[in-house]
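Below is one structure; the comments refer to it alone.
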C-alpha cells in the first residue's frame, strides 16, 4: 500500500535477479497490474518503445543498476503517481523489439486509487470566473464532486462540478485505441463565479461519498484575475512544445522532451511572479499513450493549481487523417483532440474548434487553432477578426495573437527550405488583420527554438529599433517560443532581414504590463531563468489608433 497519508506520488525500490543477464533487459511499470505481455508489432506508431500489447507506463533498462551485467542482481528506483489502478513491475529480456517476460512483481496500489488529483485552473468565459478541473476514479454515481472555496478571511462555499470521460470509440486510431489505451478515469470541472478582481481565494477539491464522508484533494489558492482594463501589475508567461519527462530517469514512448523538467522547475521557482500562463500547443506529447496525460498533469500540478494554465491545440493533440483536422498527419497518435479537449478546460464556444479569446486586465489574447482552417472566409477567420475588432484599446492596449503552428514568421529550417518561412498561405490570409487592428505581438510554437522579429509587415521591417519601441510601431512583432522542452530545431543558414534574435535553446517568454503605456518583454532560458533577449514598449493610446498602410478604411467619415 502506497501513500497512506494521502500523497499522490511515491518512490518504490525494485530489487531483481536474472539468471542470464543481458544488456537489453529492462523493467517496465504496468497499470493495471494484470497486463498482456504478448508482442504487438506495428501497433505502436513511430518512435522507440517496447512492442507489447499492453504498453508499460514507463521503463528502465536493468543495466542502469551498475553491477547487473556481472552479477545478474540489480536495484532500481521508480516514482509512481496515483493513476486510479494498481501497478506491477515486470522484468523482460530481448530488448524492446523482441521482449520476453522473465518475472512479474506482486501488485501494489495507492491507499485510495480513486482520490481526486492534479487540479488545473483556467479562466472561464467571463473575466470573473475561474474553472477548476481535476481527475479522479469516481464516477458521478459513486461520489459527488465539488470544490470548497472562498475568499481568504471569508466563509467557504461549495460548488458542484460536472463530470466527463471518454472510451476507446471516442478516439480515432492507433496506438490510442489499441496498445496505448488506458482508462482515463473521470474528469471534473467546477466554475467558481463572481470573483472579486485581484483577490486571493483558497480552494480544495473533494468528493462526497454516499455515507457523507469526503475524500479531499490538496489545499491550494489562486489570485482572481483583474477586470478587463484594470491597471495593475500583470505578468504573463508564454511557451510551447514542452511535453513531459520522468524524474526517476525512466524512458517513455515518444521520449524526446529533454528540456521539459528544466522549464517546469524554472517556472515553479518564479511562480509568485507569474499571473497567467499560456502553453501554446504540443502539450504532453502523449501521442496516443493515454497514461502519459496523467504523467503530464502531475508534472505541472504545482503550476496549474496556482495560476490559470491556458492551452492551445497543436499537431500532437489534434492531427489525424480524415478526422476533421486541417492537416492529415498522424502526430496525435490517434487522439484527434479528444484527450486535450477533455483533460483541460478552455473557454471555447465549441470544444472541437479550439479557438477562443480571453481577457486579463490590460491584455486581450486571441488564441487560434492552427489545426483547423484559418483562411479568409472561414469560421475561424471571422472569429480572429472579431477578437481583434471588439477590444477597447484605450483600456486593453496590449493585443496578443497566439497559434501553435507558425502563421507569421520563422527561419526554422523546415519552414525556410521552401522559402515560405511560415505555414503556406498563412501570412497572406492573416497579415491584413494584424496590420489593420495593430496587433502588438504574435506568438507561435511548433518550431523548437526561439526567434523574434522586428515589427514586420509584408516581410519588411517597419522600424530599425530593436530594444526600445515608442510611438506607433506600424507592424507586428512575431515570436517563435517553441523551446519548452522537446528536441531542438535548427535554423536556416541565412538570417532573414526581419529576424532580430534567434537562439537554439530551451526557454519561455514573459510579458510584464506596468500600465496602459509601458510593457516589458523578456525571453528567459529554462536552464537558469536568466534573461537573454528583451525589449520595452512605450506608447500612448493615440499611437495605437495612428493610420498606416492598409489599416485605414477607404473613406474617412466627416465629423
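Are any residues in the stretch 292-330 in contact with a helix residue (DSSP H, G or I) (Cβ under 7 Å, 6 or more places away or on another chain), closer than 21 Å to residue 373 by Cα, in a loop (DSSP other than H, G, I, E, B) and modelled with pLDDT of 95 or more, and if so, which ones? Of everything in the stretch 292-330, just one residue is in contact with a helix residue (DSSP H, G or I) (Cβ under 7 Å, 6 or more places away or on another chain), closer than 21 Å to residue 373 by Cα, in a loop (DSSP other than H, G, I, E, B) and modelled with pLDDT of 95 or more, namely 313.
Might you check whether a residue that is surrounded by 15 or more Cβ atoms within 10 Å (Cβ to Cβ) and part of a loop (DSSP other than H, G, I, E, B) occurs anywhere in the stretch 140-151? So far as the stretch 140-151 goes, yes, one or more of its residues are surrounded by 15 or more Cβ atoms within 10 Å (Cβ to Cβ) and part of a loop (DSSP other than H, G, I, E, B).
All but one of (1) closer than 19 Å to residue 167 by Cα; (2) assigned to a helix (DSSP H, G or I) hold for residue 336; state the number of the condition that does not hold. Result: residue 336 fails condition (2) only. Being in a loop (DSSP other than H, G, I, E, B), out of contact with any strand residue (DSSP E or B) (no Cβ under 6 Å at 6 or more places or on another chain) and closer than 18 Å to residue 176 by Cβ is not true of residue 395. Scanning the stretch 207-228 for residues that are surrounded by fewer than 17 Cβ atoms within 10 Å (Cβ to Cβ) and either in the same structural domain as residue 276 (by TED's automatic domain parsing) or not in a strand (DSSP E or B) (or both) yields 209, 210, 211, 212, 213. Of the numbered criteria (1) assigned to a loop (DSSP other than H, G, I, E, B); (2) assigned by TED's automatic domain parsing to the domain that holds residue 518; (3) touching a strand residue (DSSP E or B) at 6+ places or on another chain (Cβ under 7 Å), the one residue 238 fails is (1). Restricting attention to the stretch 266-278, the residues that are out of contact with any strand residue (DSSP E or B) (no Cβ under 8 Å at 6 or more places or on another chain) and in contact (Cβ under 8 Å) with a residue 40 or more places away in the chain add up to 2.
Residues in the stretch 61-90 that are within 14 Å of residue 25 (Cα to Cα), out of contact with any helix residue (DSSP H, G or I) (no Cβ under 7 Å at 6 or more places or on another chain) and in a strand (DSSP E or B): 5 in all.
Among the residues of the stretch 15-46, how many are under 23 Å from residue 82 (Cα atoms) and in contact with a helix residue (DSSP H, G or I) (Cβ under 8 Å, 6 or more places away or on another chain)? Break it down into steps so the answer makes sense when it comes.
Quick first cut of the stretch 15-46, residues under 23 Å from residue 82 (Cα atoms) only: 15, 26-37.
Now drop any that are not in contact with a helix residue (DSSP H, G or I) (Cβ under 8 Å, 6 or more places away or on another chain), which leaves 26-27, 31.
Of the residues in the stretch 15-46, 3 are under 23 Å from residue 82 (Cα atoms) and in contact with a helix residue (DSSP H, G or I) (Cβ under 8 Å, 6 or more places away or on another chain).
Every listed requirement among (1) free of Cβ contacts under 8 Å to residues at least 60 places away in the same chain; (2) in contact with a helix residue (DSSP H, G or I) (Cβ under 8 Å, 6 or more places away or on another chain); (3) farther than 26 Å from residue 398 by Cα is met by residue 247 save one, (1).
Looking for something free of Cβ contacts under 8 Å to residues at least 24 places away in the same chain, under 19 Å from residue 256 (Cβ atoms) and assigned by TED's automatic domain parsing to the domain that holds residue 355 - is there at least one such residue anywhere in the stretch 321-343? Yes, the stretch 321-343 has at least one match.
Residues checked against (1) surrounded by fewer than 22 Cβ atoms within 10 Å (Cβ to Cβ); (2) at pLDDT 95 or above; (3) within 25 Å of the chain's Cα centre (by Cα); (4) outside any loop (DSSP other than H, G, I, E, B):
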{"position": "478", "(1), (2), (3), (4)": "no, yes, yes, yes"}
{"position": "485", "(1), (2), (3), (4)": "no, yes, yes, no"}
{"position": "496", "(1), (2), (3), (4)": "yes, yes, no, no"}
{"position": "501", "(1), (2), (3), (4)": "yes, yes, yes, yes"}
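Within the stretch 5-17, being touching a strand residue (DSSP E or B) at 6+ places or on another chain (Cβ under 9 Å) and in a loop (DSSP other than H, G, I, E, B) holds for 6, 7, 8. Candidates 470, 463: the one that is in the same structural domain as residue 278 (by TED's automatic domain parsing), surrounded by fewer than 20 Cβ atoms within 10 Å (Cβ to Cβ) and under 21 Å from residue 510 (Cα atoms) is 470. Residues that are within 19 Å of residue 68 (Cα to Cα) and without any contact (Cβ under 8 Å) to a residue 60 or more places away in the chain were ranked within the stretch 18-46; the one that is surrounded by the most Cβ atoms within 10 Å (Cβ to Cβ) is 21. When the test is whether a residue is surrounded by 15 or more Cβ atoms within 10 Å (Cβ to Cβ), in contact (Cβ under 8 Å) with a residue 60 or more places away in the chain and in the same structural domain as residue 389 (by TED's automatic domain parsing), residue 453 does not pass it.
Here the condition is being buried (at least 24 other Cβ atoms within 10 Å of the Cβ) and out of contact with any strand residue (DSSP E or B) (no Cβ under 6 Å at 6 or more places or on another chain); of 249, 329, 281, 337, it holds for 337 alone. Looking across the stretch 424-445, the residues that are at pLDDT 95 or above and assigned to a loop (DSSP other than H, G, I, E, B) come down to 437, 438, 439, 440, 445.
For the stretch 163-200, the set of residues classified as in contact (Cβ under 8 Å) with a residue 60 or more places away in the chain and not in a loop (DSSP other than H, G, I, E, B) consists of 164, 170, 187, 188, 189, 191, 192, listed by residue number. If you filter the stretch 65-97 down to residues that are surrounded by fewer than 16 Cβ atoms within 10 Å (Cβ to Cβ) and within 17 Å of residue 252 (Cα to Cα), you find that the one that is nearest to the chain's Cα centre (by Cα) is 77.
One residue alone among 354, 360 is surrounded by 22 or more Cβ atoms within 10 Å (Cβ to Cβ) and closer than 23 Å to residue 227 by Cβ, and that residue is 360. Of the residues making up the stretch 378-390, none is surrounded by 21 or more Cβ atoms within 10 Å (Cβ to Cβ) and not in a helix (DSSP H, G or I).
The values are calculated or read from the model by the stated rules, or taken from the named source; none is laboratory data. Given the structure is predicted, the values throughout are model-derived calculations rather than measurements. For neighbour counting, all protein chains shown are included, and Cβ atoms are generated from backbone atoms with ideal geometry for every residue, glycine included.
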